[in-house]
């Protein structure tokens, strides 16, 4: 019985350690890419805060608010059924995630290069700054 | 046929140009790190354009001009002889370097973490953005 308790304690503390090893911001951003690739608008939008702001590389606001995000990405996902994004490289620092992303709109087309910086607040993506985009 | 050859040539040249740009920027990144860690102000300053602009991301200008950069880093390098920057991670594009750096000011000191973006124009660093400092 004692042994079992020790094993249980060890297992639980091991699980806690594993959970702490994940950066929460990186986890949210990763889920966001999965939803993006599945073109699952509900899952995608659920990872963004209601007052999400996305900035272009020029610094201009690209979109603001979850309603606008849903509208724009809804159309984008519908029009690009082959859409695919993979992470080339990633920097994680606290609540900030910088992704070097390669995105393909259609099979066989060249991958476009993006760098996006995500700021996560309260478990949701609150700001996205594109540092590099092809347009 | 001639047209095809010309097209192939142009395509090949543009691909190799792009590859060259990526190589160049990786060399600039390497030189920047080496000059910083050897605290060589001349070698360091030579990598920046005369009108370099240094910002807190996204748009808060901290200072402008190579002379100001030399004044700041010259003093910083002199005052901090044990300075060392470790590149934790580096992202390259054709004209940008994004670094995750851990900087130690004194041997055995706690590293300070930075995320910095360098924008390269004409083979010189023209803009610096402190994303985290």
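The values are calculated or read from the model by the stated rules, or taken from the named source; none is laboratory data. Keep in mind the model is a prediction, meaning the values are calculated, not measured. Quick reminder, even Gly has a Cβ in these numbers, built from the backbone with ideal geometry, and neighbours come from all protein chains shown.
Just checking, does the range B:16-38 include any residue being within 14 Å of chain A (Cβ to nearest Cβ), out of contact with any helix residue (DSSP H, G or I) (no Cβ under 7 Å at 6 or more places or on another chain) and under 18 Å from residue A:91 (Cα atoms)? Yes, the range B:16-38 contains at least one residue that is within 14 Å of chain A (Cβ to nearest Cβ), out of contact with any helix residue (DSSP H, G or I) (no Cβ under 7 Å at 6 or more places or on another chain) and under 18 Å from residue A:91 (Cα atoms). For the range B:94-119, which positions are in a loop (DSSP other than H, G, I, E, B) and touching a residue at least 40 places away in the same chain (Cβ under 8 Å)? Listed by number, the residues that qualify are B:94, B:95.
Under the condition of being under 18 Å from residue B:87 (Cβ atoms), within 14 Å of chain A (Cβ to nearest Cβ) and either touching a helix residue (DSSP H, G or I) at 6+ places or on another chain (Cβ under 7 Å) or modelled with pLDDT of 95 or more (or both), the residues counted in the range B:114-133 number 11.
Being outside any loop (DSSP other than H, G, I, E, B), away from every other protein chain (no Cβ under 14 Å), surrounded by 15 or more Cβ atoms within 10 Å (Cβ to Cβ) and without any contact (Cβ under 8 Å) to a residue 24 or more places away in the chain is a property that residue A:72 lacks. The set of residues in the range B:101-113 being over 15 Å from residue B:32 (Cα atoms) and within 14 Å of chain A (Cβ to nearest Cβ) consists of B:111, B:112, B:113. Each residue in the range B:77-86 was checked for being surrounded by 15 or more Cβ atoms within 10 Å (Cβ to Cβ) and touching a strand residue (DSSP E or B) at 6+ places or on another chain (Cβ under 8 Å), and 3 pass.
Suppose the filter is under 16 Å from the mean Cα position of the chain (by Cα) and more than 14 Å from chain A (Cβ to nearest Cβ); does residue B:43 pass it? Taking the combined requirement at face value, the residue satisfies it. Of the residues contained in the range B:71-85, one or more are found to be under 28 Å from residue A:94 (Cβ atoms) and either touching a residue at least 60 places away in the same chain (Cβ under 8 Å) or part of a strand (DSSP E or B) (or both). Among the residues of the range A:31-61, which ones are touching a residue at least 12 places away in the same chain (Cβ under 8 Å) and in a helix (DSSP H, G or I)? Residues satisfying the conditions are A:31, A:32, A:33, A:35, A:36, A:37, A:41, A:43, A:44, A:45.
Matching residues to (1) within 17 Å of residue A:119 (Cβ to Cβ); (2) touching a strand residue (DSSP E or B) at 6+ places or on another chain (Cβ under 7 Å):
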{"position": "A:36", "(1), (2)": "no, yes"}
{"position": "A:42", "(1), (2)": "no, no"}
{"position": "A:57", "(1), (2)": "yes, yes"}
{"position": "A:63", "(1), (2)": "yes, yes"}
{"position": "A:77", "(1), (2)": "no, no"}
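Residues considered: A:108, A:123. Of these, the only one that is loosely packed, with under 15 Cβ neighbours inside 10 Å, in contact with a helix residue (DSSP H, G or I) (Cβ under 7 Å, 6 or more places away or on another chain) and farther than 16 Å from residue B:99 by Cβ is A:123.
Restricting the search to strands (runs of 3 or more DSSP E) fully inside the range A:76-135 and requiring at least 1 residues that are at the interface with chain B (Cβ under 10 Å from one of its Cβ atoms) and farther than 16 Å from residue B:89 by Cβ gives A:112-121, A:124-132.
Residues in the range B:35-60 that are part of a helix (DSSP H, G or I) and closer than 17 Å to residue B:123 by Cα: B:35, B:42, B:43, B:44, B:45.
What are the residues in the range B:58-67 that are away from chain A (no Cβ under 11 Å) and without any contact (Cβ under 8 Å) to a residue 12 or more places away in the chain, if any?
Listed by number, the residues that qualify are B:60, B:61, B:63, B:67.
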